[in-house]
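Encoded as structure tokens, the structure appears first; notes follow it.
The values are calculated or read from the model by the stated rules, or taken from the named source; none is laboratory data. This structure is a prediction, so every number in the text was calculated from the model and none was measured. Glycine also receives a Cβ, built like all others from the backbone with ideal geometry; neighbour counts cover every protein chain displayed.
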Amino acid sequence: MTDTTARLALPLLQPGQAQKELFHDEALTLLDLAVQPVVEAVGLDTPPADPVPGQAWIVGTAPAGDWAGQPGALAGWTEGGWRFIAAIDGASVWSRADRCRARHDGGAWVVGEARVRHVSVGGVPVLGARAAAVSDPAGGATVDAEARGAVAGILAAMRAHGLIEGG
């Protein structure tokens, strides 16, 4: 029998255990930190001087002080001090400092990167996998410089946004 859960290492109650409420309260404290997590910032190595209970951070790669030995962990300040949850592949948090999501890719926290198969708006696909390059306009007996300039501008903008590959 294990003393903690498999994913978040939450403390489990044991048969005949004294002071079960302490273990139950610790599990609730860790759940409060882990469920729908919001962090103040990602990648800090030094704990803030005056944290408020309920605030959390993603610990950096070279932690010091009270965070020593907890690289990449989700660190939350509670009335009882710091609590840590080890990062797991696929974990996701909202970063207040970055105003976007950060997710753990199994090796590190990645801030602001969205990985999707396609994007739909109102059920209509608007963005999918990148298609093959569209060639720049060329040739023809009659050259329409304005039309070619417009098409070239559109293609340049689409390339700059990463919507199509370079030609």
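Is one or more of the residues making up the stretch 32-41 surrounded by 13 or more Cβ atoms within 10 Å (Cβ to Cβ), in contact with a helix residue (DSSP H, G or I) (Cβ under 9 Å, 6 or more places away or on another chain) and either outside the structural domain of Trp77 (by TED's automatic domain parsing) or not hydroxyl-bearing (Ser, Thr, Tyr) (or both)?
no
Check the stretch 117-130 and report whether any residue there is closer than 30 Å to Asp89 by Cβ, touching a residue at least 24 places away in the same chain (Cβ under 8 Å), aliphatic (A, V, I, L, M) and not assigned by TED's automatic domain parsing to the domain that holds Ala62. Looking through the stretch 117-130, at least one residue is closer than 30 Å to Asp89 by Cβ, touching a residue at least 24 places away in the same chain (Cβ under 8 Å), aliphatic (A, V, I, L, M) and not assigned by TED's automatic domain parsing to the domain that holds Ala62.
Tell me, which residue of the stretch 21-44 that is in contact with a strand residue (DSSP E or B) (Cβ under 7 Å, 6 or more places away or on another chain) and either in contact (Cβ under 8 Å) with a residue 60 or more places away in the chain or not aliphatic (A, V, I, L, M) (or both) is farthest from Gly112 (Cα to Cα)? I'd like the intermediate steps shown before the answer.
As a first pass, look at the stretch 21-44 and keep what is in contact with a strand residue (DSSP E or B) (Cβ under 7 Å, 6 or more places away or on another chain): 23, 26-27, 29-30, 33-34, 37-44.
Narrowing the set further to residues that are either in contact (Cβ under 8 Å) with a residue 60 or more places away in the chain or not aliphatic (A, V, I, L, M) (or both) leaves 23, 26, 29, 37, 39-40, 42-43.
Working: Phe23: 35, Glu26: 31, Thr29: 27, Pro37: 15, Val39: 14, Glu40: 15, Val42: 11, Gly43: 13 Å.
The extreme case among them is Phe23.
Go over the candidates Ala91, Ala73, Ala18 one by one and state the one that is among the hydrophobic types (A, V, I, L, M, F, W, C) and either more than 22 Å from the chain's Cα centre (by Cα) or surrounded by fewer than 18 Cβ atoms within 10 Å (Cβ to Cβ) (or both).
Values: Ala91 fails: either more than 22 Å from the chain's Cα centre (by Cα) or surrounded by fewer than 18 Cβ atoms within 10 Å (Cβ to Cβ) (or both); Ala73 fails: either more than 22 Å from the chain's Cα centre (by Cα) or surrounded by fewer than 18 Cβ atoms within 10 Å (Cβ to Cβ) (or both).
The conditions single out Ala18.
Scan the stretch 150-167 and report the pairs whose first residue is closer than 12 Å to Ser135 by Cα and whose second residue is among the acidic types (Asp, Glu), with Cβ atoms within less than 7 Å and a gap of 6+ or a chain change. As it stands, the answer is Ala152/Asp136; Leu155/Asp136; Gly167/Asp136, since those pairs meet every condition given.
Among the residues making up the stretch 5-49, a single one is at pLDDT below 80 and of a type in the set (Val, Ile, Thr): Thr5.
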